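Data block below; observations after.
The values are calculated or read from the model by the stated rules, or taken from the named source; none is laboratory data. Here the structure is a predicted model, which means the values were calculated and not measured. Cβ sites come from the backbone with ideal geometry, for glycine too, and all protein chains shown count toward neighbours.
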Amino acid sequence: MNPLRGSHRAGLVLAILAMGVHAQTTATQTSAPPAGSDPKAAQASAKDASPKPDNSFFGKKLVFTGQFRIRLEAYHGTDFAPTPANEYTLTRIRFGVAFQPAPWIRAYAEAADARAEFYKVSPASNIDDPFDLRQAYIEAGKLEGNGVRFRLGREDMTIGSGRLVAVGDWGNDAKTFDVARTTFTYGLMNNEVIYGSPVNLDTTRFDRHKPGEHFYMDYATFKTILPGGTVEPYFIAKTQDGTDAVKSKDGHLGTADTLYAGMRLIGKLPGRFDYSVEGVKEAGHYSHDVVDALGWVAGGGWTVNDAPAKLHFSSDFVWASGDDGKKDGFHQAFDCLYGLNQPLNSMTGQISWKNIQDWRAGVDFFPISKLKVKVDYRDYWLANTADGLYNSSGTRTVFDAKATSNHVGEGIDAQIVLTLTRKTVVGFGIGNLTPGAYLKQAGKTTGLVYPSLYFTRQL
């Protein structure tokens, strides 16, 4: 790594951060009247200087949104780094407009531009996708409270815990979905019925939904069954059409229909304890194979009473089945669908909710107002050594058929987020993966250290 080049880029990012802070400070200073001035005269002057409200039809009904984010990343560890560049930057710009001509109807559209700089190799479309249409939908019905709401179009979407269907904010160009979505709310019960297809990110043309792949979902939330908690049963079906959509273990190409039956319990207990449990059973067919997979998560936390830093301890265990590799007519690898794997399963992005055992223990707190610190320790083991290690996109990155150990490794994830203003956030994170016996036996010995620094400004 060239230390001069690295320091220059870091300096550039810090300069941008400083300009953002300076702009906020200047705006605050200029809004206050000078000391010793006539308060009435200052109020009149401020009233004259303030922008006149737009009382036109479109002025009342249009709302503009936007976001700019820049992130500096610096991977270290050649066995896992996606690029030979020691440092690179990721930029993301989003601009949207909402139009609500009546209380019962609303339309929204959002364009996005995501780019990777100093990457050295051709970046993947999930981090570099120039100007594209990210969201565009129309929504009708009772938008808040009890009633029925219908939404049609392209949108980002997170359902439940986000482990099966989610967009997330970490990715430079997060996936979206083309959906028809109906929501029914009555009292403490909510039910969503969704039909949709994932959108493929494509740098050569406007993004389009994935051909031949669709999902159907019914997700319910009940807040009256458990005291202080919610019960969330759900059912999902994913279809993959086409004669060569998937390959069974005996080598035959064909279609796939995967069924997901799951339930999530989340709530609070006396003594400032909280808990979350989720289990998913998968069935169906995968070309010639029968789907037989399982995944579950269980965890809890405790908030220290009257702690000045809002101290909260938490821990959870994640498990997902892997395939045994035998040509026995069964597909046992758990499919986490379109779930949010990063940073849920590791900020480094090397671990997916698939053929994995993941124990996490951590703490989050606010040492000062508007500054949040979160630190997690993680220990990873494969569920089945006959299968391999999958990264956050669900791609198998490590496979060792002769492995005698299933210990992948361990690491620390730490994140610091400073909210400067309601619209301006600065964050720093660092995650690492220290190789265990499984990775060492597979020749992956460099490990990984992944620091990042980012600045986000809402427009």
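Does region 304-341 hold any residues that are in contact (Cβ under 8 Å) with a residue 24 or more places away in the chain and among the acidic types (Asp, Glu), and which are they? Walk me through it before giving the result.
Of all residues in region 304-341, those in contact (Cβ under 8 Å) with a residue 24 or more places away in the chain come to 304-305, 307, 309-341.
Passing the criteria: 316, 323, 324, 328, 335.
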Practice item. Look at residue 155 and say whether it is more than 19 Å from the chain's Cα centre (by Cα), charged (D, E, K, R) and farther than 18 Å from residue 69 by Cβ. Key: no
Practice item. Would you please name the residue that is farthest from residue 151 (Cα to Cα), looking only at residues in region 95-105 that are modelled with pLDDT of 95 or more and surrounded by 16 or more Cβ atoms within 10 Å (Cβ to Cβ)? Key: 95
Point to revise | Subset of region 323-381 (residues that are touching an Asp or Glu at 6+ places or on another chain (Cβ under 8 Å), within 15 Å of residue 294 (Cα to Cα) and aliphatic (A, V, I, L, M)) | key: 333
Check your understanding: Which of the residues belonging to region 116-152 are free of Cβ contacts under 8 Å to residues at least 40 places away in the same chain and either of a type in the set (Asp, Glu) or farther than 17 Å from residue 183 by Cβ (or both)?
Key -> 117, 119, 120, 121, 122, 131, 136, 139, 144
Practice item. Could you give me the residue pairs with C-beta distances under 6 Å whose first residue belongs to region 159-172 and is over 16 Å from residue 90 (Cα atoms) and modelled with pLDDT of 90 or more, whose second residue is in a loop (DSSP other than H, G, I, E, B) and not hydrophobic (A, V, I, L, M, F, W, C) wherever it lies, and which are 6+ apart or on separate chains? Key: 163/339; 164/339; 166/158; 166/339
Exercise for review: Could you check, for region 436-457, whether at least one of its residues is closer than 19 Å to residue 325 by Cα and in a loop (DSSP other than H, G, I, E, B)?
Suggested key: yes
Review point. Among the β-branched types (Val, Ile, Thr) and in a strand (DSSP E or B): does that describe residue 179?
Key: yes
**Study point:** Unmet requirement for residue 380, which otherwise passes all of (1) touching a helix residue (DSSP H, G or I) at 6+ places or on another chain (Cβ under 8 Å); (2) more than 23 Å from residue 260 (Cα to Cα)
**Key:** (1)
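Tell me the residue from 368, 430 that is at pLDDT 95 or above and under 26 Å from residue 311 (Cβ atoms), please. Let's see the steps before the verdict.
Working: 368 fails: at pLDDT 95 or above.
None of the others qualify; the one that does is 430.
Take the conditions on the phi > 0 side of the Ramachandran plot and either surrounded by 19 or more Cβ atoms within 10 Å (Cβ to Cβ) or polar (S, T, N, Q) (or both) and apply them to residue 409. Does it pass?
On the way: on the phi > 0 side of the Ramachandran plot: yes; either surrounded by 19 or more Cβ atoms within 10 Å (Cβ to Cβ) or polar (S, T, N, Q) (or both): yes.
The answer is yes for residue 409.
Go through region 342-377 and give me each residue that's touching a residue at least 12 places away in the same chain (Cβ under 8 Å), part of a strand (DSSP E or B) and either buried (at least 24 other Cβ atoms within 10 Å of the Cβ) or of a type in the set (A, V, I, L, M, F, W, C) (or both).
Within region 342-377, the first condition is being touching a residue at least 12 places away in the same chain (Cβ under 8 Å), and the residues that meet it are 342-367, 370-377.
Checking which are part of a strand (DSSP E or B) leaves us with 356-367, 371-377.
Listed by number, the residues that qualify are 356, 359, 361, 363, 365, 366, 371, 373, 375.
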Review point. Of everything in region 266-277 that's touching a Phe, Trp or Tyr at 6+ places or on another chain (Cβ under 9 Å) and outside any strand (DSSP E or B), which residue is surrounded by the fewest Cβ atoms within 10 Å (Cβ to Cβ)?
Key: 271
Study note, to complete from the structure: Subset of region 77-94, residues surrounded by fewer than 17 Cβ atoms within 10 Å (Cβ to Cβ) and either among the aromatic types (Phe, Trp, Tyr) or modelled with pLDDT of 95 or more (or both), comes to 91, 93
Point to revise | Per-region count, region 281-332, residues touching a Phe, Trp or Tyr at 6+ places or on another chain (Cβ under 6 Å), within 30 Å of residue 243 (Cα to Cα) and aromatic (Phe, Trp, Tyr) | key: 0
Review point. Which of the residues that make up region 118-140 are exposed (fewer than 14 other Cβ atoms within 10 Å of the Cβ) and either part of a strand (DSSP E or B) or touching a Gly at 6+ places or on another chain (Cβ under 7 Å) (or both)?
Key: 130, 131
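Among the listed residues 230, 185, 224, identify the single one that is out of contact with any strand residue (DSSP E or B) (no Cβ under 6 Å at 6 or more places or on another chain) and surrounded by 15 or more Cβ atoms within 10 Å (Cβ to Cβ). Can you show your working first?
Working: 230 fails: out of contact with any strand residue (DSSP E or B) (no Cβ under 6 Å at 6 or more places or on another chain); 224 fails: surrounded by 15 or more Cβ atoms within 10 Å (Cβ to Cβ).
Of 230, 185, 224, the one residue that is out of contact with any strand residue (DSSP E or B) (no Cβ under 6 Å at 6 or more places or on another chain) and surrounded by 15 or more Cβ atoms within 10 Å (Cβ to Cβ) is 185.
Please enumerate the residues belonging to region 402-425 that are outside any strand (DSSP E or B) and in contact (Cβ under 8 Å) with a residue 60 or more places away in the chain. Spell out how you get there, then give the answer.
First, pick out the residues of region 402-425 that are outside any strand (DSSP E or B): 402-406, 420-423.
Answer for region 402-425, where residues must be outside any strand (DSSP E or B) and in contact (Cβ under 8 Å) with a residue 60 or more places away in the chain: 420, 421.
Which members of region 381-411 meet the condition of being of a type in the set (Ser, Thr, Tyr), within 17 Å of residue 443 (Cα to Cα) and under 21 Å from the mean Cα position of the chain (by Cα)?
390, 397
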